[in-house]
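The structure appears below as structure tokens.
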Amino acid sequence: MKTTYPHTYTSFMGHRRIAHGAMLVNVLAVKKVLESQVNDPVLIFDDETGRFVDVNTHGTDEELAQRYASVDVPEPELEQIKEEAPRSRGRPKLGVVPREVTLLPRHWDWLATQPGGASVALRKLVEQARRASAAKDQRRQAQERVYNFMTAIGGDLPGFEEAMRALFADEWERFKQLLAAWPEDVREHAMRLVQHADASVVQ
């Protein structure tokens with residue numbers, strides 16, 4: 001069975017990075033390392049979440065290529081296909097998904113007075129909330145990525161708990177100082193994962 005893996009991934013043997021890129025690149029690198037019967041733990045991490053991914057490295061390279069395929073159509077090509085596809089007549093599809101929303105009577109009363117009705121008003125409110133919290137959401141996701149990665153690979157590294165406290169407190173200078181004592185590959189990957197939280201932290 002072929003499964004697609006849309007993100008990039010990074011593999012570590014102990015505290016040393018051994019691969020980065022598509023899932024298949026990582027799986028093949030991990031397979032090669034495991035065949036050498038190393039003693040250090042070998043893990044593949046999802047760069048989007050910071051969590052390690054369970055993989056099955058048994059089989060030939062061709063079998064692994066089938067099992068751990070990358071996304072079949074790259075995003076730019078997919079967008080081009082969408083643009084070139086013939087458009088059907090009638091009202092364009094907006095991707096609207098109907099779901100139940102529970103509100104108080106006063107909320108429904110207010111929505112009923114809004115231009116376009118309740119659905120249009122709710123969509124506008126959601127978009128405004130998304131834009132307003134975008135930076136905060138990105139920072140939180142980056143912090144969680146680093147925490148997931150570091151908990152799996154470096155919970156015993158010097159200053160780990162202090163570094164995590166600095167991370168979640170947005171104390172970037174303190175965070176960088178504590179990372180200085182970590183193995184180079186682990187430190188660089190943690191900094192890469194946190195870069196969306198605050199651009200200044202990687203400068």
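The values are calculated or read from the model by the stated rules, or taken from the named source; none is laboratory data. Given the structure is predicted, the values throughout are model-derived calculations rather than measurements. Quick reminder, even Gly has a Cβ in these numbers, built from the backbone with ideal geometry, and neighbours come from all protein chains shown. Quick note on the areas: whole protein, heavy atoms, side chains included, nothing else; ligands and nucleic acids left out. Shrake-Rupley method; radii C 1.70, N 1.55, O 1.52, S 1.80 Å.
Placing a pseudo-label 7 Å from each Cα along the Cα-to-Cβ vector at A129 and R51 gives an inter-label distance of 2.4 nm. Remark: segment 185-193, residue by residue, has Karplus-estimated 3J(HN,Hα) of 5, 5, 4, 5, 5, 4, 5, 5, 5 Hz, where x stands for each Gly or Pro and the curve is 6.51 cos²θ - 1.76 cosθ + 1.60 at θ = phi - 60°.
Judged by the mean number of other Cβ atoms found within 10 Å, the most tightly packed of the peptides 151-164, 40-53 leads the ranking 40-53, 151-164.
What order do you get for 56-67, 106-117 when each peptide is scored by the mean count of other beta carbon atoms within 10 Å, highest first?
Final packing ranking: 56-67, 106-117.
Between Q141 and D40, full extension at 0.36 nm per residue minus the direct alpha carbon distance yields a gain of 33.5 nm.
Per-residue accessible area (protein heavy atoms, 1.4 Å probe) orders M13, M23 as M13, M23, starting from the largest.
Please work out the FRET efficiency for the pair F168 and T60, using the Cβ-Cβ distance as r and a Förster radius of 30 Å; give the result to the nearest 0.05. Result of the calculation: an efficiency of 0.10.
Converting phi to 3J(HN,Hα) with the Karplus coefficients 6.51, -1.76 and 1.60 and the offset θ = phi - 60°, segment 39-45 yields 8, 6, x, 10, 9, 10, 10 Hz in sequence order, with x at every glycine or proline.
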